[in-house]
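Okay, structure first, notes after.
The values are calculated or read from the model by the stated rules, or taken from the named source; none is laboratory data. Computed from a predicted model, the values in this text were never measured in an experiment. Methodologically, a virtual Cβ is constructed for each residue, glycine included, from the backbone with ideal geometry; neighbour enumeration extends over all protein chains shown.
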Amino acid sequence: MKKRMIVIVALFALTGLVGMVQAAGHEDAATSAVLIKNVNVFDGKSDQLIPRQDVLVKGNIIEAVGQHIAAPQGAITIDGNGRTLTPGFIDAHTHLQWNMGVTEHMFKPLDYQAALSLVEAESTLMRGFTTIRDVAGSIFGVKSAIDEGYFVGPRIYSGGAALSMTTGHGDFRSPSTMPRMMGGAGVTDVEYAGLVIFADGVPEVLTASRMQFRKGAHFLKVFTGGAVSGLYDPLDIAEYSLEELKAAVGEAERWNTYVAVHTYTDAATRMAIEAGAKTLEHANLITEKTVKLAAKKGVYISAQTALFMSPPPESFTLAQRDRQQQAKKGLDNLMTSCKKHKANVLFGTDMVGSMELKKLQVTEFTNRTQWFTNAEILRQATSVNAEVLALSGPRNPYPGKLGVIEKGALADILLVNGNPLEDISILTKPDENLALIMKDGKIYKNTIE
């Protein structure tokens, strides 16, 4: 009886705590305006800060940017005290679900994987990334839970499960596992986890593409070349035929969105460009000539350094570690060629394998200083990345302008202690140097007294 009473009391206490949290959430939602005064603004597009500005947020929209803005009645006023105000950062290449080795994905319960994804989602936001583009994984439920306010995390654009051919990048089946058209299982473990979907031939590519849109995909991800983390596909190969790639692109275009392709080499990349892909994920080993072609066609190069310049995940085999080094060696030519030909370079990180490694997401800012100015890097992480998000057209889950600080833009805002245009390394210490994090007009962190 005594134990039962303790449980009942605990439940009432928990109910009260939940009520307090819900009330606090309603109170935040009821705040109609926030005025941030006395800040130097990086607007997502310029080379210099705009000094001594005020930024007024009403609801989830930036209402005004300028000097001497009057606070509306009932507004919260925050004195930035000369801090730098920037748009929330965008990571164009993430795998929110991939917080363990690939084999673990096939054995761990999906609700456990979702729970880890939610933990990582909050960590991602607290590093200043208010938006991510998730390029392979079952993340739609996590996205909904965040959007509906049950959990804290960034905006998520998702391509759903990536399309892989048999023996392609996503094929983590055993060598003896038969494809379904040859008598194998209809759905394999890695497909059940939602990371990839196998599709061989044009009819299966069309069906797999349509399945992702049925689930709510905002774009499609297709593996078109060898991989660092693959089991069977060396970096030098091209995956899928031109006809299969065109089928995926055609389906995406019917849905008024686009295809992002995983690629490393000239052959795979040029075929993807010919098929009509809009973003090239990785592309470490392409030549200057192919970079020039991508720039001419207006195709975005979604480059990453963090995965290649960081320690490999413990789950990587010796072959995977060797391919990681091969890809790392190609970075200098890729980035130098991109800058020379003014290619559209996205800011992505591709950190996988563990939540501990994902803490290195912020090293992407300093890694890029070998090739780009601080202003160029910040533009890549804000307004340039936002251009690709907008390519999802009517599939865009967050209609509105992201990646900029201007009237009418969505209110994703950071306040930084210091000036990242002068010292971008301050962004590698978000706990210390991000004084305020706002997403969609709601404040998730505020250390300003």
**Request:** Determine the pairs where a residue that is of a type in the set (A, V, I, L, M), located within the stretch 201-219, has a partner that is assigned to a helix (DSSP H, G or I) with Cβ atoms under 6 Å apart, the partner being 6 or more residues away or on another chain.
**Result:** Val202/Glu243; Val202/Glu244; Val202/Ala247; Val205/Glu244; Val205/Ala247; Val205/Ala248; Leu206/Ala247; Leu206/Glu251
**Request:** Assess whether Ala248 counts as being aliphatic (A, V, I, L, M) and in a loop (DSSP other than H, G, I, E, B).
**Result:** no
**Message:** Given the criteria buried (at least 18 other Cβ atoms within 10 Å of the Cβ) and either touching a helix residue (DSSP H, G or I) at 6+ places or on another chain (Cβ under 6 Å) or not assigned by TED's automatic domain parsing to the domain that holds Val135 (or both), does Leu346 qualify?
**Reply:** yes
**Glu191 vs. criteria surrounded by 14 or more Cβ atoms within 10 Å (Cβ to Cβ) and at pLDDT 75 or above** = yes
**Request:** Could you give me the residue pairs with C-beta distances under 9 Å whose first residue belongs to the stretch 49-71 and is in contact (Cβ under 8 Å) with a residue 60 or more places away in the chain, whose second residue is exposed (fewer than 15 other Cβ atoms within 10 Å of the Cβ) and part of a strand (DSSP E or B) wherever it lies, and which are 6+ apart or on separate chains?
**Result:** Val55/Gly66
**Prompt:** Looking at the stretch 138-229, what helices (runs of 4 or more DSSP H) fall wholly within it and have at least 2 residues that are more than 18 Å from Trp255 (Cβ to Cβ)?
**Reply:** 140-147, 189-192
**Hey, Gly230 within 15 Å of His282 (Cα to Cα) and assigned by TED's automatic domain parsing to the domain that holds Lys329 or not** = yes
**Message:** Test of understanding: among Ala30, Ala64, Ala24, which residue is within 28 Å of Ile78 (Cα to Cα), at pLDDT 95 or above, out of contact with any helix residue (DSSP H, G or I) (no Cβ under 8 Å at 6 or more places or on another chain) and of a type in the set (A, V, I, L, M, F, W, C)?
**Reply:** Ala64
**Message:** Please determine whether any residue of the stretch 363-378 is surrounded by fewer than 15 Cβ atoms within 10 Å (Cβ to Cβ), at pLDDT below 95 and not in a helix (DSSP H, G or I).
**Reply:** no
